[in-house]
Amino acid sequence: MKKLNKMGKIAVLTSGGDAPGLNACIRAVVRTACYYNLEVIGIKRGYKGLIEKDFIPLSARDVAGILQKGGTILLSSREPRFHEYEYRKLAYENLKSENIEALFVIGGNGTFQAANLLAKEFDIPIIGIPKTIDNDLYGTDYTIGFDTAVNNAVEAVDKIKDTSISHERIFVVEVMGRDSGFLALEVGLATGAEITLIPEYPFPMHHIVESIISSIKKGKRFAIIILAEGVAHAKEFAETLNKHLKPYIDEDIRYTVLGYIQRGGSPTAFDRVIASKFGVFAVEHYLSGNKNFMVAYENGKLTAKPLEISFGKIKKPDLKDYQIANILSS
């Protein structure tokens, strides 16, 4: 692709929950745009900054040294005012006042739906780049941040497992995933968890109890249970399970909620690379004349899909992976 002779201007923002790899993606968008002689405006705090015109110019040098950093240099927020037309109109007017020709949004389903309203109402090009540690965005096999979140959780569970084995105890470890079990399933497989519980494939309590009792009778007196937050809260789940198992165990069941530790930290090499590729692809595809699309990773390749493809749908984990986790936990 040839460099442009005429300067254009684009803007980029991050919205919703943070995810490792956001800075790598911001860097890629900015440097690719600069390479093709585009100016870049960074919008701070997502749609809040878009409404309040919290804009900063970004050059190739401004994004130096951020590739390995977690979080987002542009900051993020959730902005309920954007649901109202008057504030979306204000956001559009702010973009036009700076002669911004396209808006690049790095986010998930909610971020894309909000941006799509701008595209429909004011005919401004919107380019979506998918990120969420849940990896549940429909239309793409991968979202920025998932690999790092899995590794963060695996590192924590490995340490908990040492204590579980040493004290012959059962531990319930709650991981993120309100509507999706991708994270829990991957962590369960990677840590050899005895039981993995995810929202998509319910596992009755009596089966859990029977499975643990069977293991105890075989001489196994410890267990790790990976629990997606969308299934139950770890505290209540551990208390209920403890009542059922009281006659069979010497120690009360312990529980741990990993929480936001999963979303922080330096991104893995995979997240750095994929976020960089997403950013370059997004800018180049836009410069090829395309608009109102989301970047997607499908069957090992990057492609572009309509923004609307992700709306109102949640991707489900492969049932085969869940069966593999059950087979290996025996």
Filter segment 214-238 for residues that are without any contact (Cβ under 8 Å) to a residue 40 or more places away in the chain, closer than 21 Å to TYR322 by Cα and out of contact with any strand residue (DSSP E or B) (no Cβ under 7 Å at 6 or more places or on another chain); which is surrounded by the fewest Cβ atoms within 10 Å (Cβ to Cβ)? SER214
Is it fair to say PHE270 is part of a helix (DSSP H, G or I) and surrounded by fewer than 20 Cβ atoms within 10 Å (Cβ to Cβ)? yes
Inside segment 165-203, can you point out the residues that are assigned to a loop (DSSP other than H, G, I, E, B), closer than 26 Å to TYR138 by Cβ and among the acidic types (Asp, Glu)? ASP179, GLU200
Within the bounds of segment 195-204, is there any residue that is free of Cβ contacts under 8 Å to residues at least 60 places away in the same chain, among the aromatic types (Phe, Trp, Tyr) and surrounded by fewer than 20 Cβ atoms within 10 Å (Cβ to Cβ)? yes
Out of the residues in segment 283-307 that are over 18 Å from the mean Cα position of the chain (by Cα) and under 20 Å from GLN113 (Cβ atoms), which is surrounded by the most Cβ atoms within 10 Å (Cβ to Cβ)? TYR286
Taking the options GLY259, GLY289, GLY300, name whichever one is assigned by TED's automatic domain parsing to the domain that holds ALA28 and farther than 25 Å from LYS120 by Cα. GLY300
Restrict the check to segment 128-147 and report whether at least one residue is hydroxyl-bearing (Ser, Thr, Tyr) and outside any loop (DSSP other than H, G, I, E, B). no
ILE170 touching a strand residue (DSSP E or B) at 6+ places or on another chain (Cβ under 7 Å), aliphatic (A, V, I, L, M) and touching a residue at least 12 places away in the same chain (Cβ under 8 Å): yes
Scan segment 239-258 and tell me whether some residue there is surrounded by fewer than 17 Cβ atoms within 10 Å (Cβ to Cβ) and within 20 Å of the chain's Cα centre (by Cα). yes
Residue list for segment 3-61, filter: among the small types (Gly, Ala, Ser), on the phi < 0 side of the Ramachandran plot, buried (at least 19 other Cβ atoms within 10 Å of the Cβ) and touching a strand residue (DSSP E or B) at 6+ places or on another chain (Cβ under 6 Å): ALA11, SER15, ALA19, ALA33, GLY42, GLY49
Does at least one position in segment 293-302 carry a residue that is part of a helix (DSSP H, G or I) and in contact (Cβ under 8 Å) with a residue 24 or more places away in the chain? no
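The values are calculated or read from the model by the stated rules, or taken from the named source; none is laboratory data. Small disclaimer: the values here were computed from a predicted structure and weren't measured. We place every Cβ from the backbone using ideal geometry, glycine too, and count neighbours over all the protein chains shown.
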